[in-house]
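Participant: My questions all concern the structure below.
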Amino acid sequence: MPREHKDDFQDIFRYARRHGLLEDDLGRALALNAQCGVVDEFIYATINKRVRDHEIRRIEDGPFEEPRLFQGDALLGLSPRENAIRTDILGQGGSHVIVLSGSGGGKTVLFRALAIQVVPQTRGAFLVDLVKREFSPLVPHFRRVGIDVLLIPGRRLRISLCQVPRSVDPIDYAPRLADALVQAFSLPPGANRLLHVVLIELYRSFGVLDGTRRYPTPFDIYAAVEAKTDANHQSRRAILDNMEPVLRSLGPEVLGYHEAWPNGEEDRIVYDFSGLSEHDRNCLLTARILPVFVERVDRGVSNASGDLSVWFDEAAPIVSTRNPDGGIAATIPYVRGVGIRQFFAVQTADVAPIFLSNCAIKICGRCGSARDYDVMAGAMGLTSEQRQLMPNLLQPGTFVGHVSQGPWRSPFVFRVPHVTLSETVPAGTAVLGRYEHWPVLRAEIPSRWDPPSAFSVHTNEERTDTQEGLQAIELRFLALIVENPGTPSSAFAKLLKVGNRRAKALRDDMVARGYLREHQLSTGSRGRTAIVLEPTQKATDALAVANDGGD
Amino acid sequence: MRGGFVHNVLIVEPLACSFLKHGATVIREYPVRLDSGYGAIDLWVKIRDVRLAIEAECSVDRIDRDCVKAAAAYAHELWIVVPTHRLARAVTRRVTRKRRADGPLISVFPLAKALQRVSQYDFLLSRPDSQNEKQKTMET
């Protein structure tokens with residue numbers, strides 16, 4: 001073999017091994033010979049050809065090499081050379097997944113494609129529609145292929161927020177629940193101490209520490225905090241102010257149970273939280289997901305394969321850097337080892353570092369800003385050349401991926417075929433399965449928390465005066481008109497003790513809304529007329545309702 | 001009582017109350033027999049020997065019928081009370097065209113003027129001579 005070939009053979013051989021060019025039978029045989037020091041022209045020529053071909057392919061492929069990810073339980077997509085890219089998500093080497101892509105980038109299509117593959121392989125799955133109903137259309141598909149998936153809208157849940165997981169000590173659970181509630185209700189950090197104390201006291205008074213399964217409700221927490229007038233004022237005020245809207249919004253129908261549904265980790269459930277406020281969503285997520293995480297960690301499960309997948313579409317409220325520590329974010333470093341795989345889809349790079357650090361599979365689609373590209377490029381370890389190419393390369397359905405475990409750790413490009421779902425699921429649809437008749441222990445909730453009648457929906461024909469919400473001055477005005485029939489309208493300003501302009505505006509408004517009718521009447525001898533107001537039946541009914549309410 | 005808010009509450013009731021204060025006999029919806037059936041006079045007032053038929057109207061449409069009812073009830077006077085001066089002028093024009101020599105004395109007032117007339121009770125002291133003779137003829 002010529003001397004110059006001997007000199008550069010080592011570089012060529014190293015290059016070939018690094019890029020996996022000797023993985024086939026012939027390549028392995030050649031490598032074995034080379035390692036034993038047997039290098040002839042045939043071995044040199046063969047390996048050199050492979051290296052040259054690979055270099056040419058690299059030039060053609062650009063900065064992103066063709067990935068060699070051929071094994072795994074999930075198909076991510078197709079490489080530029082139409083090779084299937086597979087990776088391990090659920091296995092012991094599996095990991096959480098985060099997808100960042102702007103609107104229209106194809107992240108929902110990718111997420112759905114992954115969910116269709118992964119959910120049937122897990123014993124349990126929580127697919128959470130936080131903003132839009134992206135997972136709900138998958139339910140008919142799953143059911144058609146024999147996968148039993150439930151669909152539960154947020155307001156159909158039956159929650160016992162303080163329910164302690166079975167294998168967990170209530171004393172240990174209380175501080176974690178307090179931290180989660182601080183995050184769920186956006187409370188100041190010091191409020192967790194007050195909540196911790198209140199929870200322990202409630203557990204003691206309800207007998208939970210002695211083993212009963214009759215848990216306090218959030219309404220009991222509210223009442224206990226309200227009664228603690230000697231507590232830190234800021235924390236107490238924040239808890240009361242932030243909890244009240246959630247308690248009124250979700251109400252006893254969702255939250256008023258001493259014992260309610262189990263955590264459902266053995267079910268595949270789509271949670272439809274679209275249409276709920278941020279705090280309502282956080283409260284429900286805390287109640288459904290935190291017990292699962294805590295129970296598995298406390299059970300001592302370690303390095304388990306993924307048997308529970310948790311999916312968050314539009315996960316910005318969860319992964320945002322503005323969220324305080326605690327809650328779901330605090331559990332992400334621990335839950336991979338207990339068999340939980342989490343999937344996050346976000347539109348911007350406002351992602352707390354803890355999520356980027358713990359998601360070994362990162363996928364970036366078309367983004368809306370350079371900052372988003374910069375954050376993901378840094379997290380995925382892209383070269384400057386690769387980063388520069390991203391805005392031009394990434395179009396809807398094309399992604400840059402990085403799998404930091406397994407045989408291939410370089411970033412790669414792949415595309416996801418567009419899949420359309422032909423079936424739609426109407427809003428409000430519920431498939432409750434075994435939970436429909438699940439026995440629950442309903443709590444006695446004070447009537448102050450009963451949902452007001454104004455929350456019920458009526459057509460225009462059914463609306464009554466109380467539902468229109470007449471103000472006190474309007475009711476007084478109507479009462480004066482009924483008591484003083486035939487009185488010119490100008491006299492009511494004085495009777496009402498308001499200015500003439502205000503009285504006129506009030507009169508015009510009540511006429512426009514159908515409570516009054518105007519008539520012209522001559523009340524003087526000089527030919528001028530005055531406006532006399534006639535109360536309509538609507539006004540009479542409104543006064544009757546107001547009087548009944550006051551009785 | 002038939003009629004709407006203006007008819008009943010704004011015109012008839014104040015007049016009735018005003019007459020009652022002066023000691024008159026007031027009958028609401030006084031029935032009258034007509035050739036075509038029965039009718040009702042909104043307010044029938046009798047004070048001493050004077051008979052008043054009072055009709056509250058919000059338009060000129062029923063003026064003719066009011067005149068017929070008042071004549072059938074042998075009223076000395078017919079007051080047509082309307083809400084506004086403008087309507088009073090319109091009713092007056094209609095009444096002038098239709099007035100009968102042997103019918104009751106017809107007066108058209110806006111409400112304010114009607115109430116003023118009630119308070120000036122001197123018209124109630126005696127009736128015109130022509131009406132007296134007619135009444136005597138009827139009684140005999």
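Participant: By count of other Cβ within 10 Å, fewest leading, how are A:I152, B:I27, B:I80 ordered?
Facilitator: Details: A:I152 23, B:I27 13, B:I80 27.
Least to most surrounded, the residues fall as B:I27, A:I152, B:I80.
Participant: Follow-up. Please list, ordered by chain and number, the residues whose modelled amide H lies under 5 Å from the amide H of A:G306; skip anything fewer than 5 residues away on the same chain.
Facilitator: Correct list: A:G91.
Participant: Kirkwood Rh, Cα Rg: Rg to Rh for segment A:18-123? Can you show the working numbers first?
Facilitator: Values: Rg = 18.9 Å, Rh = 17.0 Å.
Here the Rg-to-Rh quotient is 1.12.
Participant: By count of other Cβ within 10 Å, fewest leading, how are A:K49, A:K362, A:K504 ordered?
Facilitator: Starting with the residue having the fewest Cβ neighbours, the order is A:K49, A:K504, A:K362.
Participant: Taking θ = phi - 60°, what integer Hz values does the Karplus form 6.51 cos²θ - 1.76 cosθ + 1.60 yield along segment A:415-421, in sequence order, with x for Gly and Pro?
Facilitator: 10, 10, x, 6, 10, 9, 9
Participant: Something else: A:I159: net charge of surrounding residues, Cβ under 14 Å, Lys/Arg +1, Asp/Glu -1, itself excluded?
Facilitator: +2
Participant: What are the residues whose amide H is under 5 Å from the amide H of A:G106, where those residues sit 5 or more places off or on another chain and H is modelled from the backbone?
Facilitator: A:G397
Participant: Helix A:278-299 versus the longest principal axis of chain A: what angle, 0 to 90°, nearest 10, using Cα atoms?
Facilitator: 50
Participant: Fewest Cβ neighbours within 10 Å first, please rank A:R50, B:R62, A:R156 accordingly.
Facilitator: Fewest to most other Cβ atoms nearby, the residues stand as B:R62, A:R156, A:R50.
Participant: Counting only helical runs of four or more DSSP H residues, what would the 222 nm mean residue ellipticity of chain A come to if each run contributes -39,500 (n - 2.57) and the total is spread over all its residues? Numbers along the way, then the final one.
Facilitator: Details: 20 runs with 239 residues, N = 551.
Result for chain A, helices only: -13500 deg cm²/dmol.
Participant: Something else now. Calculate one ³J(HN,Hα) per residue across segment A:473-483 by plugging θ = phi - 60° into the Karplus curve 6.51 cos²θ - 1.76 cosθ + 1.60, and present them in order as whole Hz with x for glycine and proline.
Facilitator: 5, 5, 5, 5, 4, 4, 4, 5, 5, 5, 6
Participant: Next question. Once you list every other residue whose beta carbon is under 12 Å from the beta carbon of A:E278, what net charge do they have if Lys and Arg are +1 and Asp and Glu are -1? Kindly include the intermediate steps, with their values, before the conclusion.
Facilitator: Working: positive: A:R281, A:R322; negative: A:D280, A:E314.
Counting the neighbours of A:E278, the net charge comes to 0.
Participant: Counting DSSP beta bridges in chain A, what percent are antiparallel, to the nearest 5?
Facilitator: Antiparallel bridges make up about 45 percent of those DSSP assigns within chain A.
Participant: Next question, about the same structure. Do you know the relative contact order of chain A, to the nearest whole percent, from alpha carbon pairs under 8 angstrom that are 6+ apart? Kindly include the intermediate steps, with their values, before the conclusion.
Facilitator: Working: 893 pairs, mean separation 105.3, N = 551.
19 percent.
Participant: Calculate one ³J(HN,Hα) per residue across segment B:62-68 by plugging θ = phi - 60° into the Karplus curve 6.51 cos²θ - 1.76 cosθ + 1.60, and present them in order as whole Hz with x for glycine and proline.
Facilitator: 9, 5, 4, 5, 4, 5, 5
Participant: Using the Kirkwood formula on the Cα atoms of chain A, what hydrodynamic radius do you get, in angstrom to one decimal?
Facilitator: Computed over Cα pairs of chain A, the Kirkwood hydrodynamic radius comes out at 28.4 Å.
Participant: Around B:L34, which amide H atoms from residues at least 5 apart in sequence, or from another chain, sit under 5 Å from its own amide H, with H modelled in the peptide plane?
Facilitator: Those qualifying (amide H under 5 Å, at least 5 residues apart or on another chain) are B:G39.
Participant: Same structure again: Divide the volume of the convex hull of the Cα atoms of segment A:349-395 by its number of residues and quote the answer in cubic angstrom per residue.
Facilitator: Values: hull volume 3.2 nm³, N = 47.
About 68 Å³ per residue, rounded to a whole number.
Participant: Another one. Measuring from the lowest to the highest alpha carbon on each principal axis, how far does segment A:33-74 reach, largest first, in angstroms?
Facilitator: Extents along the principal axes: 41, 28, 12 Å.
Participant: Could you work out how far helix A:218-227 tilts from the main Cα principal axis of chain A, as a 0 to 90 degree angle to the nearest 10?
Facilitator: 60
Participant: With respect to the cross-link table entries B:K69/B:K113; A:K494/B:K21; B:K46/B:K113; A:K538/B:K113; A:K504/B:K113, which display a Cα-Cα separation exceeding 30 Å?
Facilitator: Pairs exceeding the cut-off: A:K538/B:K113.
Any read-out appearing in this document is the output of simple, stated calculations on the displayed coordinates, not a laboratory observation. Everything quoted here is computed from the prediction, not taken from an experiment. Positions of Cβ are backbone-derived with ideal geometry, glycine not excepted, and every protein chain shown enters the neighbour counts.
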